[in-house]
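Visitor: One structure coming up, written as structure tokens, with questions to follow.
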Amino acid sequence: MPGVRLDGIVKKYGAVQVVHGIDLVVEEGEFVVLVGPSGCGKSTTLRMIAGLEDISGGSLTIDERVMNSVAPKDRDVAMVFQNYALYPHLNVADNIAFGLRIRKESKDKIASAVEEVAGILGLTPYLERRPADLSGGQRQRVAMGRAIVRRPKVFLFDEPLSNLDAKLRTQMRAEIKRLHNRLGATSIYVTHDQVEAMTLADRIVVMHDGRIEQIGSPMDLFLNPANTFVAGFLGSPPMNMFTATVVAGPNGPVAEFHGQSLELPNLDALEIGSEITLGVRPEFVQLNDDPNAPGVKVDVDLVETLGSEALIHATLNGSPFVIRTETISRAPSNAAQQSFTIAPELLRIFDVETGVALPGQEVAVPENAA
């Protein structure tokens, strides 16, 4: 049974429409991440699910019950906000228990539930402290504990890690994923951070300008982006993209650009003489040991060493081009120019006008990387 279903959901503020009829089914127990740039409508969509924003059109169903006109308190959802929203005058135990007290649960049941949730989140030593005496990560765990203790049908997360530093974000990502695996609750998570989306999600929903661009597993979207927006948004660094012309080669179609060329996969949609947008993932580039060896040549601007790997920031005919390479097996060269090759099946080809990926080039997702 689907946990949450959105059918043609629309949001308008007066004459301005910000969410344009989106359709989405979140299965029971699934962890779905809505991701996209600021202003794409992801938080507005989440707030409509929570009941904090009115739905201008379409239908919202939770556990097979239409929720369009149902009050937030009656939807059986729990939301974790970006700013924690803790009561500063209450200690950790009372903050976690607040929702249960509003429901007038028994003292024994409240005490048992708080003890259980505090144990899950590692908050037991801090139950008597107030929010001002906690770190940012601890406050976020308290906010999560307040949501968990209610045992709702759906958890909603609105950029909960945005206020944390990089190290804490990494720790909290792991905690949220472990928590979901343990509780198995239906969860919808909003973020603009594509790394969070890739590491947390069972499925990712990429949004742009109030519309859904693509839905799929993290690796499916990484390997098979539906268009140039998804290709440029998912991946760190993002996919390199440039315009090329399709010409006939001795072994099949070839992409020509700025006096250089790359072999293309044989696709029925490719037309000799047409222009395409060619996408190259930084991770899939194979650097030649000899910078002067045959291959596509780029001018190196900067080598950014990151420990086990390095990012080579280069330019291809004046446009930025990034290559990711290992430092253990292959030390980055300081040469002013590098040459590379890439397997044709790892290229992504997009229509130069619409930005949509040409059909027939889907890459199978490895079973252990779904």
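Visitor: Report relative contact order for the range 76-174 in percent, whole number only (criteria: Cα-Cα under 8 Å, sequence separation at least 6).
Guide: With pairs under 8 Å counted, the relative contact order is 49 percent.
Visitor: Turning to a different aspect of this structure: Taking a quarter of the surface of the convex hull around the Cα atoms of the range 243-331, what do you get in nm²?
Guide: 6.5 nm²
Visitor: Let me ask you something else. Given the options 325, 45, 191, state which has the largest fluctuation in a GNM of the chain using a 10 Å cut-off (strictly under) for Cα springs.
Guide: Highest fluctuation among the options: 325.
Visitor: For n ≥ 4 DSSP H runs only, could you compute -39500 (n - 2.57) per run for the chain, divide by its residues and tell me the 222 nm figure to the nearest 500?
Guide: Result for the chain, helices only: -7000 deg cm²/dmol.
Visitor: Would you mind checking which residues have amide H under 5 Å from residue 267's amide H? H placed 1.01 Å from N; only 5 or more apart, or other chain.
Guide: Long-range HN contacts for residue 267: none found.
Visitor: Continuing with this model, one more query. Order 213, 271 by their accessible area, 1.4 angstrom probe, all chains in place, largest first.
Guide: Result of the area sort, largest leading: 271, 213.
Visitor: Another question about this same structure. With every protein chain left in place, what is the accessible area of residue 233 in Å² (1.4 Å probe, nearest 10)?
Guide: About 40 Å², rounded to the nearest 10.
Visitor: How much solvent-accessible surface does residue 20 expose, in Å² to the nearest 10, with a 1.4 Å probe and all protein chains in place?
Guide: Looks like 60 Å² after rounding.
Visitor: Report the accessible area of residue 66, computed with a 1.4 Å probe over the heavy atoms of all protein chains in place, in Å² rounded to the nearest 10.
Guide: Roughly 90 Å² of residue 66 is accessible to a 1.4 Å probe.
Visitor: Convert each backbone phi in the range 355-360 into a coupling constant with the Karplus relation 6.51 cos²θ - 1.76 cosθ + 1.60 (shift: θ = phi - 60°), then list the ³J(HN,Hα) values in order as whole Hz, x for Gly and Pro.
Guide: With coefficients 6.51, -1.76 and 1.60, one gets x, 7, 5, 5, x, x Hz.
Visitor: For the range 18-119, just say rounded, prolate or oblate: build the C-alpha gyration tensor, square-root its eigenvalues into a ≥ b ≥ c, call rounded for a/c under 1.5, and beyond that prolate if a/b exceeds b/c, oblate if not.
Guide: Taking the square roots of the gyration eigenvalues as a ≥ b ≥ c, the range 18-119 is prolate.
Visitor: Next up: I need the phi-derived Karplus couplings for the range 260-269: 6.51 cos²θ - 1.76 cosθ + 1.60, θ = phi - 60°, integer Hz, Gly and Pro marked x.
Guide: With coefficients 6.51, -1.76 and 1.60, one gets 10, 8, 9, 5, 10, x, 7, 10, 4, 7 Hz.
Visitor: Please list, in chain and number order, the residues 5+ apart from residue 288 or on another chain whose amide H is under 5 Å from its amide H, with Hs placed from the backbone.
Guide: 339, 340, 341
Visitor: Normalising by the residue count of the chain, find the relative contact order in percent from Cα pairs under 8 Å and 6+ residues apart.
Guide: 15 percent
Visitor: Got a sec? What order do 13, 84 fall in by accessible area at 1.4 Å, biggest, i.e. largest, first?
Guide: Largest to smallest exposure gives the sequence 13, 84.
Visitor: In what order, largest first, do 135, 308 sit by accessible area if the probe radius is 1.4 Å?
Guide: The ordering from most to least exposed comes out as 308, 135.
Visitor: I need the phi-derived Karplus couplings for the range 27-35: 6.51 cos²θ - 1.76 cosθ + 1.60, θ = phi - 60°, integer Hz, Gly and Pro marked x.
Guide: With the stated coefficients, the range 27-35 comes to 6, 4, x, 8, 10, 10, 10, 8, 10 Hz.
Visitor: In Å, the Kirkwood hydrodynamic radius of the chain over pairs of distinct alpha carbons?
Guide: That comes to 23.2 Å for the chain.
The values are calculated or read from the model by the stated rules, or taken from the named source; none is laboratory data. Quantities reported herein were computed from a predicted structural model and do not represent experimental measurements. Side chains included, ligands, DNA and RNA excluded: accessible areas come from the protein's heavy atoms. Shrake-Rupley method; radii C 1.70, N 1.55, O 1.52, S 1.80 Å.
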